[in-house]
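Here's the structure, in structure tokens; my notes come after.
Where a number appears in this text, it was derived from the coordinates with a stated rule and is not lab data. Quick caveat: nothing in here was measured; it's all calculated off a predicted structure. Heads up, the Cβs are rebuilt from the backbone with ideal geometry, glycines too, and the neighbour counts pull from every protein chain shown.
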Amino acid sequence: MEQKELALLAAKALDDKRAQDIVVLKVDEMTVITDYMVIATGRSVPQVKALADNVEEEMAKAGAFPKRREGYTEGRWCVLDYGGVMVHVFHEQDREYYQLERLWADGTNVLALSFEKEEQA
């Protein structure tokens with residue numbers, strides 16, 4: 001599975017558990033750290049953990065396993081590092097404070113999410 005497909009799979013897994021404000025950014029031309037960043041918000045510590053768990057489960061079904069997993073215990077900002085895809089699941093206040101998408105979005109690198117269209121229909 002390609003990195004873009006994995007990023008979109010992670011976004012869908014987040015949407016399935018009702019994450020808020022899901023954003024997928026293509027950052028391969030901005031950093032060597034990763035190719036895609038997936039950013040989402042959970043409304044509580046238990047939801048942040050449930051979102052991270054669901055991403056891990058769905059990605060594992062596709063044969064992708066995180067190289068690193070940080071912040072899960074605290075449930076405020078969980079990072080799942082899949083190499084070419086980094087998934088950031090924030091608690092509301094932490095996402096507002098860090099504003100990662102302001103650092104990494106350049107106006108041209110936000111991917112459209114197919115499930116957003118389904119919800120609007």
Placing +1 at every Lys and Arg Cβ and -1 at every Asp and Glu Cβ, with all other atoms neutral, what dipole size does the stretch 3-114 have around its Cα centre, in debye to the nearest 20? 180
Where in the stretch 32-49 does the amide nitrogen come within less than 15 Å of the point 7 Å from the Cα of V110, taken along Cα to Cβ? 37-41
For a footprinting-style exposure proxy, rank F90, F65 by other Cβ within 10 Å, fewest first. F65, F90
Of the candidates K12, K49, K67, which one comes out as most mobile in a Gaussian network treatment of the chain with C-alpha springs shorter than 10 Å? K67
Just how far, in whole angstrom, is the stretch 93-110 from the stretch 24-64 if you go by their alpha carbon centroids? 14
Two-site FRET efficiency, V45 against Q99, from Cβ-Cβ distance with R₀ of 22 Å, rounded to 0.05: 0.65
Taking D94, D28 and counting other beta carbon atoms within 10 angstrom, the fewest-first order is D28, D94
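Can you say what percent of the DSSP beta bridges in the chain, counting only those with both residues inside, are antiparallel? Round to 5.
Rounded to the nearest five, the antiparallel share is 65 percent.
What is the stretch 1-64's relative contact order, in percent, from Cα pairs under 8 angstrom and six or more apart in sequence?
36
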For E74 and M1 in one chain, what is 0.36 nm times their gap in residues minus the Cα-Cα distance, to one decimal in nm? 23.2 nm
Equivalent-ellipsoid semi-axes (√(5λ), Cα gyration tensor) for the chain, whole Å, largest first? 18, 16, 16
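In whole percent, what relative contact order does the chain give with Cα contacts below 8 Å and a gap of six or more residues? Display every interim value, and only then the final one.
Values: 214 pairs, mean separation 34.0, N = 121.
That works out to 28 percent.
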Residue order, fewest to most surrounding Cβ atoms within 10 angstrom, among Y97, Y72, Y82: Y97, Y72, Y82
Which of G84, G42, G107 fluctuates most in a GNM of the chain (C-alpha springs under 10 Å)? That residue is G107
Most fluctuating of D53, D35, D16 in the GNM of the chain (C-alpha, under 10 Å) is D16
